[in-house]
Amino acid sequence: MTVPGPRPVRAARGAERTAKSWQTEAALRMLHNNLDPEVAEHPDELVVYGGTGRAARDWASFERITASLRSLEDDETLLVQSGRPVGVLRTHEWAPRVLIANANLVPDWADWEEFRRLEALGLTMYGQMTAGSWIYIGTQGILQGTYETFAAVAAKLGGGNGPGDLAGTITLTAGLGGMGGAQPLAVTMNGGVALVVEVDPSRIERRLATRYLDVRAADLDEALRLAVEARDARRPLSVGVLGNAAEVLPELLRRGAPVDVVTDQTSAHDPLAYLPVGVDVADRRSLAAADPAAFTDRARESMAAHVAAMVGFMDAGAEVFDYGNSIRGEARTAGYARAFDFPGFVPAYIRPLFCEGRGPFRWAALSGDPADIARTDRAVLDLFPDDEPLARWIRAAGEKVAFQGLPARICWLGQGDRAAAGLRFNELVAAGEISAPLAIGRDHLDTGSVASPYRETEAMRDGSDAIADWPLLNALVNTASGATWVSVHHGGGVGIGRSVHAGQVSVADGTELAAAKLERVLTNDPGTGVLRHADAGYPEAEAVAARHGLRVPMSEG
Ligand code: NAD
């Protein structure tokens, strides 16, 4: 038997399916969509985004998952263990069609070294968040969260700038990968200037091609000149510059560069994916593979220099935050004592949204027809006419976001609104106003679905940052509520040992059964987040629970 190898993968389009139901066809198309060269960062290696976040463990597993999904019945469930299909069990029609567990390790064994050892033996894979759970929609997925974050930064900066107004400011950041590539567009959508350092020229070219980045500067002098000119004209502009952030940021600090906001989205969560100073991009893989321990030390040393420069900008008055890549943790491991002097973005800007059950609601048109997303955009505008920031986002996304793979949209919606949107979408499919079903899911970076003390659950009011029961309850609840596929992962976003998180995807196929499932999943999924924050003592979350009739036993009686 020949071992399957890399091949070009692209999701099927149109209203004809090859699987036995739209539930399984949706899983099939979303898995394939994750590996579409327009979507995945390194499709030949099954790597979707975020360092080594994979959609399947190896090509043989990918082919067997594909075949299993095509033959799966409406009362069967496929089990996927770290990207490998390991069984098909008889369940029932309300059960998920796929259950996924990725990269989970017993806590005492949960570090990169042990993970890599097991990965090399072919026993596990890193699933990141939406890579191994088949709901990555390209860089747009992170764009909305990044847009929301920079809008909140603008409000905090003051100086006449309200939410969504970064005009007249320069944001300095690094990393133009799958997630980080959203930064320049999120900054310019908020009216500001972005200066982005990236060490790999191909990543700069990719962001230029997809219009996430405006221009590439020839060198640092030109980058600064372009940024300052645009800032002075209060003109939005994003400038990419080639270089290693651990060298460029200290150099910019030395020059007294007029920077207002500093953050970072290099792949710092994985010391083998962060490029140390003095290493050529072309040699990254071979050097990391030859001596992972030495490479890790060098990467951490560089991250310490990088973070020290960020702290320097903070001392000089800039707004500085960690954007969820663990760079503070790595710098501290390298011995830099002030690494945690600046906050993570969740406690700084996002937690109030989580208290309302707000988070990254996303959907993909399985038809492949952009007109279907345009129809859902109009439906969202009609459903929530009083939500001006939401309307601003939906209109801007319609104009500026180039789809990658299947057309998709994301917007942050809260408790009650997610269920309303899901039911409306299902009605549109039933009425034939949308030409094929929609897959509705979310990132694992959500209100109730993640335990991640350096990111989503940093600085919880009751100190429950590292309590990982909540994502497990979230996955169980979504399984019990009728989601089409449910996943439980370890290590996404911030790296092995540092997070546990869960995902769900549900399919709006226009049937009454789908409506009943969507109503429950899209109520209960954000509902676990409201409950999690109410339990931690956030009064805003307690009020949201009361308003939406979510029962909190400890507050009753
Ligand atoms: P990625 O691997 O696709 O891209 C990382 C980029 O950083 C690459 O282009 C790489 O060339 C570049 N890079 C590495 N070392 C560098 C250096 N020293 N100087 C300059 N550039 C360097 O990763 P991604 O998907 O873009 O994710 C970036 C980080 O953000 C990851 O750590 C990820 O876990 C984290 N993340 C954050 C959020 C969030 O919401 N804030 C969400 C998901 C992921």
Original post:
Quick one: Val380 ticks every box in (1) assigned to a helix (DSSP H, G or I); (2) surrounded by fewer than 20 Cβ atoms within 10 Å (Cβ to Cβ) bar one, so which box is it?
Top reply: (2)
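Find the residue count for the range 77-87, including only residues that are buried (at least 19 other Cβ atoms within 10 Å of the Cβ) and not in a loop (DSSP other than H, G, I, E, B).
Start the filter on the range 77-87 by keeping residues that are buried (at least 19 other Cβ atoms within 10 Å of the Cβ), which leaves 77-78, 80, 82-85.
Add one more test, that the residue is not in a loop (DSSP other than H, G, I, E, B), and what stays is 77-78, 80, 84-85.
Matching residues across the range 77-87 total 5.
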Subject >> Of residues in the range 113-132 being within 16 Å of the ligand (Cβ to nearest atom) and over 16 Å from Ser452 (Cβ atoms), the one surrounded by the fewest Cβ atoms within 10 Å (Cβ to Cβ) >> reply: Phe115
**OP:** Pick out the one residue from Arg298, Arg285 that is within 11 Å of the ligand (Cβ to nearest atom), more than 29 Å from Tyr349 (Cα to Cα), surrounded by fewer than 23 Cβ atoms within 10 Å (Cβ to Cβ) and not hydrophobic (A, V, I, L, M, F, W, C).
**Re:** Arg298
**OP:** Being in a loop (DSSP other than H, G, I, E, B), out of contact with any strand residue (DSSP E or B) (no Cβ under 6 Å at 6 or more places or on another chain) and not hydrophobic (A, V, I, L, M, F, W, C) is the filter here, so list the residues in the range 414-442 that pass it.
**Re:** Gly414, Gln415, Gly416, Gly432, Glu433, Ser435
Original post:
Is there a residue being part of a strand (DSSP E or B), without any contact (Cβ under 8 Å) to a residue 60 or more places away in the chain and within 30 Å of Gly329 (Cβ to Cβ) anywhere in the range 36-59?
Top reply: yes
**OP:** Go through (1) closer than 30 Å to Thr457 by Cα; (2) touching a residue at least 40 places away in the same chain (Cβ under 8 Å); (3) more than 12 Å from the ligand (Cβ to nearest atom); (4) within 25 Å of the chain's Cα centre (by Cα) and name the single condition Pro292 misses.
**Re:** (4)
Original post:
Going by the conditions given, is Ala316 more than 25 Å from Ala151 (Cα to Cα) and either at pLDDT 95 or above or of a type in the set (S, T, N, Q) (or both)?
Top reply: no
**OP:** Please give the helices (runs of 4 or more DSSP H) falling wholly within the range 144-251 in which 3 or more residues are at negative phi and near the ligand (Cβ under 10 Å from one of its atoms).
**Re:** 201-209
Subject >> Residue count for the range 508-553, restricted to those that are under 25 Å from the mean Cα position of the chain (by Cα) and among the basic types (Lys, Arg) >> reply: 3
Subject >> Pair list, Cβ < 6 Å and 6+ apart or interchain, from the range 1-15 residues that are more than 18 Å from Ala40 (Cβ to Cβ) to residues that are part of a loop (DSSP other than H, G, I, E, B) and not hydroxyl-bearing (Ser, Thr, Tyr) >> reply: Ala15/Ala436
Subject >> Of the criteria (1) hydrophobic (A, V, I, L, M, F, W, C); (2) surrounded by 20 or more Cβ atoms within 10 Å (Cβ to Cβ); (3) more than 12 Å from the ligand (Cβ to nearest atom), which one Met314 fails >> reply: (2)
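The values are calculated or read from the model by the stated rules, or taken from the named source; none is laboratory data. It should be emphasised that the depicted structure is a prediction, and the values quoted were computed from it without experimental measurement. Here the Cβ is made from the backbone with ideal geometry for all residues, glycine too, and neighbour counts use every protein chain on show.
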